[in-house]
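The values are calculated or read from the model by the stated rules, or taken from the named source; none is laboratory data. These figures come from a predicted structure and were not determined experimentally. So basically every Cβ, Gly included, is an ideal-geometry build from the backbone, and we count neighbours across all protein chains shown.
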Amino acid sequence: MGLTMTEKIIQNHLVVGEMKKGSEIGIKIDHTLTQDSTGTMAYLQFEALGIDKVKTKRSVAYIDHNILQTGPENADDHLYIQTVAKKHGIYFSKPGNGICHQVNLERFDVPGETLIGSDSHTPTAGGMGMLAIGAGGLDVAVAMGGGEYYIIMPQVVKVNLLGKLKPMVSAKDIILKVLSMLTVKGGVGKVFEYVGDGVKSLSVPERATICNMGAELGATTSIFPSDEKTLDFLKAQGRESDFKVINPDEDAVYDETITIDLNELEPLVACPHSPDKVKKVSEIKNLKVNQIAIGSCTNSSLFDLMKVAEILKGKTIAENVSLVIAPGSKQVLTMLAENGVLAQLVASGARILECACGPCIGMGQSPCTDGVSLRTFNRNFEGRSGTVSAQVYLLSPETAAVSALTGYLTDPTTFDGKVDVELPKEFMVNDNLIVPPAEDGEEVEIVRGPNIKPFPKAKPIAAKLEGIALTKVGDNITTDHIMPSNAKLLPFRSNIPHLADYCLTPCDPDFPKKAKENGGGFIIGGSNYGQGSSREHAALAPLYLGIKAVLAKSFARIHKANLINNGIVPIVFKNSEDYDKIEKNDKIVIDNVVNQINEGIVTVHNETKNEDYEMVLDIPERQKDMLICGGKLNQIKKQNA
Ligand code: MIC
Ligand code: SF4
């Protein structure tokens with residue numbers, strides 16, 4: 001029986017378990033990446049493991065999220081990451097070099113190899129034919145130390161692309177189409193493999209856009225074949241020797257198939273406040289726009305920005321629009337400057353931002369009150385822009401640029417100019433902002449500013465868990481709700497005691513205070529609890545506040561792993577009516593905890609209502625043991641002892 005690309009790469013990297021769907025496997029990780037807002041924690045945890053030098057083929061630490069320096073905090077974090085990287089064998093990508101996923105695609109991704117990153121959009125590298133997965137910082141720390149990374153052997157979905165995109169319809173519209181079909185929870189436990197005739201016409205940056213936003217499906221990852229287009233891209237980056245063909249066998253067996261005819265696709269837009277609230281752009285009339293933001297790890301490649309420039313060339317943006325553009329990398333920005341395109345962008349009225357995440361994570365450029373913001377980004381969760389009342393729409397660079405000219409959300413196929421952009425035969429390669437690690441790390445002293453606080457550590461599980469249901473939230477709660485991120489909070493990513501005071505406040509402003517007053521307790525969640533980011537802070541802040549367990553209808557993959565890594569029990573309602581029965585402030589008791597964890601069936605007693613709910617803990621033995629030990633670090637200590 002033939003193999004899919006996913007199975008081939010897993011087979012080559014399998015160290016624990018069998019390739020049986022639904023069972024846990026451990027794979028060897030070739031590459032890791034971290035970014036600064038999750039990186040400080042990942043490196044503090046790496047230090048706690050006591051390993052001198054990373055054991056991966058390559059590990060890179062990026063600075064791209066926390067680039068506003070309105071006080072010493074971010075600069076302190078940068079210095080810590082730079083020195084810890086130098087000491088332990090990690091490459092350091094300085095601020096200004098670009099967004100981790102864009103730079104990794106340009107300079108480091110290798111077809112057929114494995115990558116994990118402490119950022120949920122790590123699957124961007126799937127555009128290069130790599131098996132690339134987003135993970136919590138602790139999992140990345142362990143992989144840097146040579147440990148395997150565990151996933152559930154995924155279902156593999158074949159996404160069959162037919163035909164060719166029409167002019168002004170783009171890769172972003174393909175992934176928006178998939179999101180409209182499957183929703184933000186439709187990808188859990190699955191890898192999406194893009195195959196078919198339509199793949200041939202898509203360049204590596206376009207493929208990367210699709211894999212990037214596959215994260216919004218909740219997928220384990222997404223992947224494209226590595227073919228002539230991949231070779232062209234690698235050659236143009238001076239990395240031909242990294243090329244390797246990756247494709248599925250002719251008779252590969254898939255669990256599901258989706259077919260998309262590219263010829264029929266139209267420009268799409270994800271409406272507030274979820275990436276799966278997709279409509280045709282042409283359906284939305286008279287939507288006046290306040291802001292347009294082009295960039296992020298989804299759409300900030302040279303290819304994207306050249307298309308934007310072609311549209312804006314010689315014109316002026318509408319009076320009512322503020323247009324900001326953040327190029328994805330120094331390579332992109334330098335090339336735009338060299339070929340004169342930057343001048344066209346600036347002349348049209350665009351405000352050029354630093355090569356970084358910027359507005360995507362609320363680091364500046366928050367829209368006005370009730371503002372309509374069109375963004376080429378991947379997430380439009382409520383409040384993420386920094387303005388709670390803002391209406392954020394996600395769309396392609398073409399739609400963004402044409403709308404910038406009209407001042408209204410506009411179907412780009414109505415644009416009367418021609419946009420014909422090709423990737424260069426040679427990119428300008430200059431890795432001078434990538435600092436290599438020290439030959440001998442012993443000499444390097446790690447600098448820890450006052451913003452770097454120790455992270456909370458879980459304790460072995462108690463025999464009985466009791467407390468009140470501190471809060472009850474609905475479906476699709478994101479990590480942006482659990483641990484909000486914006487220009488004010490991001491500087492404190494190394495300071496959990498400070499962050500904890502904001503935990504879950506967008507849903508329940510009193511939550512942190514109540515948790516502290518009650519010495520912790522339980523969180524009640526709906527389905528897909530913890531979707532979105534990989535930020536471990538969404539588990540560390542609850543741990544700090546004494547949260548013992550989260551009872552939910554279902555969990556998003558990375559957040560569930562982060563909870564378990566930090567000793568918080570993620571329990572799933574067997575009957576969703578039981579979710580309806582529990583109310584905020586009900587007293588909850590779970591007895592005989594170790595046995596119940598081992599059995600995987602948990603009886604939750606609601607003392608207030610005198611009811612019992614049968615719930616499930618459907619996790620592998622390894623994770624059960626981890627919970628009993630009190631998290632991953634304690635489990636590792638036990639294993640080492
Ligand atoms: C995001 O897009 O939400 C982030 C910010 O990149 C996060 C990481 C973080 O919270 O630091 C992610 O996607 O994992
Ligand atoms: Fe940065 Fe936004 Fe990409 Fe997250 S989604 S890595 S914040 S650009």
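Flag set for LYS638, criterion: touching a helix residue (DSSP H, G or I) at 6+ places or on another chain (Cβ under 6 Å) and either hydroxyl-bearing (Ser, Thr, Tyr) or not in a strand (DSSP E or B) (or both). On inspection, ASN286 does not qualify as part of a helix (DSSP H, G or I), of a type in the set (S, T, N, Q) and farther than 29 Å from ASN339 by Cβ.
Residue by residue, here is whether (1) under 19 Å from PRO359 (Cβ atoms); (2) out of contact with any Ser or Thr (no Cβ under 6 Å at 6 or more places or on another chain); (3) away from ligand 2 (no atom under 16 Å from the Cβ) holds:
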{"site": "PRO275", "(1), (2), (3)": "yes, yes, no"}
{"site": "LYS288", "(1), (2), (3)": "no, yes, yes"}
{"site": "ALA293", "(1), (2), (3)": "yes, yes, no"}
{"site": "ALA309", "(1), (2), (3)": "no, yes, yes"}
{"site": "LEU312", "(1), (2), (3)": "yes, no, yes"}
{"site": "ASN320", "(1), (2), (3)": "yes, yes, yes"}
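Inspect region 600-619 for any residue being closer than 14 Å to LEU551 by Cα, of a type in the set (Val, Ile, Thr) and in a helix (DSSP H, G or I) and give the result as yes or no. Looking for residues that are closer than 14 Å to LEU551 by Cα, of a type in the set (Val, Ile, Thr) and in a helix (DSSP H, G or I), one finds none in region 600-619, hence no. When the strands (runs of 3 or more DSSP E) confined to region 1-94 are screened for residues that are away from ligand 2 (no atom under 16 Å from the Cβ) and in contact with a Gly (Cβ under 7 Å, 6 or more places away or on another chain), those reaching at least 2 such residues are found at 14-16, 24-27. Selection of region 429-448 for residues being loosely packed, with under 10 Cβ neighbours inside 10 Å and either more than 30 Å from GLU240 (Cβ to Cβ) or β-branched (Val, Ile, Thr) (or both) yields ASP440, GLU442, GLU443, GLU445.
Residues in region 299-320: is at least one within 16 Å of ligand 1 (Cβ to nearest atom) and touching a helix residue (DSSP H, G or I) at 6+ places or on another chain (Cβ under 9 Å)? Checked region 299-320: at least one residue is within 16 Å of ligand 1 (Cβ to nearest atom) and touching a helix residue (DSSP H, G or I) at 6+ places or on another chain (Cβ under 9 Å).
Of the set (1) more than 22 Å from PHE192 (Cβ to Cβ); (2) more than 16 Å from ligand 1 (Cβ to nearest atom); (3) touching a residue at least 60 places away in the same chain (Cβ under 8 Å); (4) not basic (Lys, Arg), all apply to HIS273 but (2).
Residues of region 579-589 include none that is buried (at least 20 other Cβ atoms within 10 Å of the Cβ), within 16 Å of ligand 2 (Cβ to nearest atom) and hydrophobic (A, V, I, L, M, F, W, C).
If only residues of region 319-364 that are assigned to a helix (DSSP H, G or I) and among the small types (Gly, Ala, Ser) are counted, the one that is surrounded by the most Cβ atoms within 10 Å (Cβ to Cβ) is GLY358. Taken over region 289-317, residues that are in a loop (DSSP other than H, G, I, E, B) and surrounded by fewer than 22 Cβ atoms within 10 Å (Cβ to Cβ) amount to 6. The set of residues from region 391-407 being closer than 13 Å to VAL372 by Cβ and crowded, with 24+ Cβ neighbours inside 10 Å comprises VAL392, TYR393, LEU394, LEU395, ALA400, SER403, ALA404.
Can you give me the ranges of the helices (runs of 4 or more DSSP H) entirely in region 164-245 with at least 3 residues that are within 20 Å of CYS360 (Cβ to Cβ)? Give the steps one after another, and end with the answer.
On the way: elements: 171-182, 204-213, 228-236.
Here the list reads 171-182, 204-213.
Only residues that are away from ligand 2 (no atom under 12 Å from the Cβ), farther than 18 Å from LEU68 by Cβ and not aliphatic (A, V, I, L, M) were counted across region 352-382, and they come to 6.
Right, LEU490: among the hydrophobic types (A, V, I, L, M, F, W, C) and touching a strand residue (DSSP E or B) at 6+ places or on another chain (Cβ under 7 Å) or not? Quick ask: steps written out before the conclusion?
Values: among the hydrophobic types (A, V, I, L, M, F, W, C): yes; touching a strand residue (DSSP E or B) at 6+ places or on another chain (Cβ under 7 Å): no.
So LEU490 fails the test.
Restricting attention to region 89-116, the residues that are among the β-branched types (Val, Ile, Thr) and away from ligand 1 (no atom under 16 Å from the Cβ) total 3. One residue stands out among those in region 365-376 that are crowded, with 24+ Cβ neighbours inside 10 Å and not in a loop (DSSP other than H, G, I, E, B): the one that is nearest to ligand 1 (Cβ to nearest atom), which is ARG375.
The residues of region 463-518 that are within 16 Å of ligand 2 (Cβ to nearest atom), hydroxyl-bearing (Ser, Thr, Tyr) and assigned to a loop (DSSP other than H, G, I, E, B) amount to a single one, SER485.
Residues in region 507-518 that are in contact with a Ser or Thr (Cβ under 9 Å, 6 or more places away or on another chain), surrounded by fewer than 21 Cβ atoms within 10 Å (Cβ to Cβ) and not acidic (Asp, Glu): CYS507, LYS514. Among the residues of region 561-578, the ones that are crowded, with 23+ Cβ neighbours inside 10 Å, in a helix (DSSP H, G or I) and either of a type in the set (D, E, K, R) or free of Cβ contacts under 8 Å to residues at least 60 places away in the same chain (or both) come to 1 in all. May I ask you to verify whether SER494 is under 20 Å from the mean Cα position of the chain (by Cα), within 16 Å of ligand 1 (Cβ to nearest atom), at pLDDT below 95 and polar (S, T, N, Q)? Here the answer is yes, as SER494 does meet what is asked. Evaluated against (1) out of contact with any Cys (no Cβ under 6 Å at 6 or more places or on another chain); (2) crowded, with 20+ Cβ neighbours inside 10 Å; (3) over 22 Å from ASN320 (Cα atoms), LYS280 falls short on exactly one condition, (2).
You will find that of MET153, MET168, MET181, MET128, the residue that is buried (at least 24 other Cβ atoms within 10 Å of the Cβ), more than 16 Å from ligand 2 (Cβ to nearest atom) and not small (Gly, Ala, Ser) is MET128 and no other. Taking each residue of region 477-493 that is farther than 13 Å from MET41 by Cβ and looking for partners that are of a type in the set (A, V, I, L, M) and within 12 Å of ligand 2 (Cβ to nearest atom) with beta-carbon atoms closer than 6 Å, six or more apart or interchain, yields SER485/ILE361; ALA487/MET363. Whenever a residue of region 92-112 is within 14 Å of THR122 (Cβ to Cβ), its partners that are assigned to a helix (DSSP H, G or I) and within 12 Å of ligand 2 (Cβ to nearest atom), lying with C-beta atoms within less than 6 angstrom and at least six residues away or across chains, give the pairs HIS101/THR124; LEU105/ALA208.
Which residues, taken from region 76-125, are crowded, with 24+ Cβ neighbours inside 10 Å, charged (D, E, K, R) and out of contact with any Cys (no Cβ under 9 Å at 6 or more places or on another chain)? Correct list: ASP77, GLU106, ASP109, GLU113.
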